[in-house]
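Laboratory data are not the source of any read-out in this text; all were calculated from the coordinates shown. Since this is a predicted model, take the numbers as computed values, not measurements. Reconstructed Cβ throughout: ideal geometry from the backbone, glycine too, with neighbour counts over all protein chains shown.
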Amino acid sequence: MKQREHGYRQTLRAYAPLVRFIASVMGPRCEVVLQDAKQPDHSIIAICNGHISGRRLGGPLTSLALKIISSAGERPQQVIANYESKNSHGENLISSMYFIFDDDGAVIGTIEVNILSMGQYEYTPVKTEHAMVCEAAVPVPLAVNEYIDTSTEQLILHAVDEILMRLGKNADMLTNTEKKKTIGLLRKNGIFKIRRAVPEVARILGMADSTVYRYLSQLSSR
């Protein structure tokens, strides 16, 4: 087991030079991040141009990566390209994510590329017969709207806010049934893989920690 654990870390570390390479090619408006999917609290193991999102080494996994990895029984497609996201300052980004799998097909990491958007379109190099030119790359019409958070507290808060917006209610307006539904959706999205997520979610929703644990126990026994 320890050898296997060591092997997956070695695999991920092999991608670190690629992070630096992509960032060097794309320039300072492009953030490139290598993340360890098995350490969601402190997943970032390599990062270039972290000023784009405000993140640094040891930062948490993104909410989108958590959600995709936590999808029961589903292997994600290896690449999700050119979706819209926002950094912690609310600035628009064009993001892409590459999933790294182990030999069993489980996600062990991701490479994320986040380009600071300066307008409606971003530009990517296209090789022609004579030279490299640029053409517009339109973000793909995916149902993805991600905040790239700098801390686990921000990550949890945005995850809860997303569900509350869907329900059309503030936390203090939720019925017990709606609170249980919210806990279930957070669990499905992988939020409780984050350490100390239970007390943080309980605080935001105005619940006792013990109630959140009880709901999680009931949901896991189904």
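Summary of values
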| item | result |
| --- | --- |
| Alpha carbon convex hull of the range 154-220, projected area averaged over orientations, nm² | 3.9 nm² |
| Other-chain or far-sequence residues with amide H under 5 Å of residue 46's (modelled H) | 34 |
| Ordering of 50-60, 168-178, 27-37, 98-108 by burial proxy (mean other Cβ atoms within 10 Å per residue, highest first) | 27-37, 50-60, 98-108, 168-178 |
| J(HN,Hα) series, the range 156-165, from Karplus relation 6.51 cos²θ - 1.76 cosθ + 1.60, nearest Hz, glycine and proline x | 5, 4, 5, 5, 5, 4, 4, 6, 4, 5 |
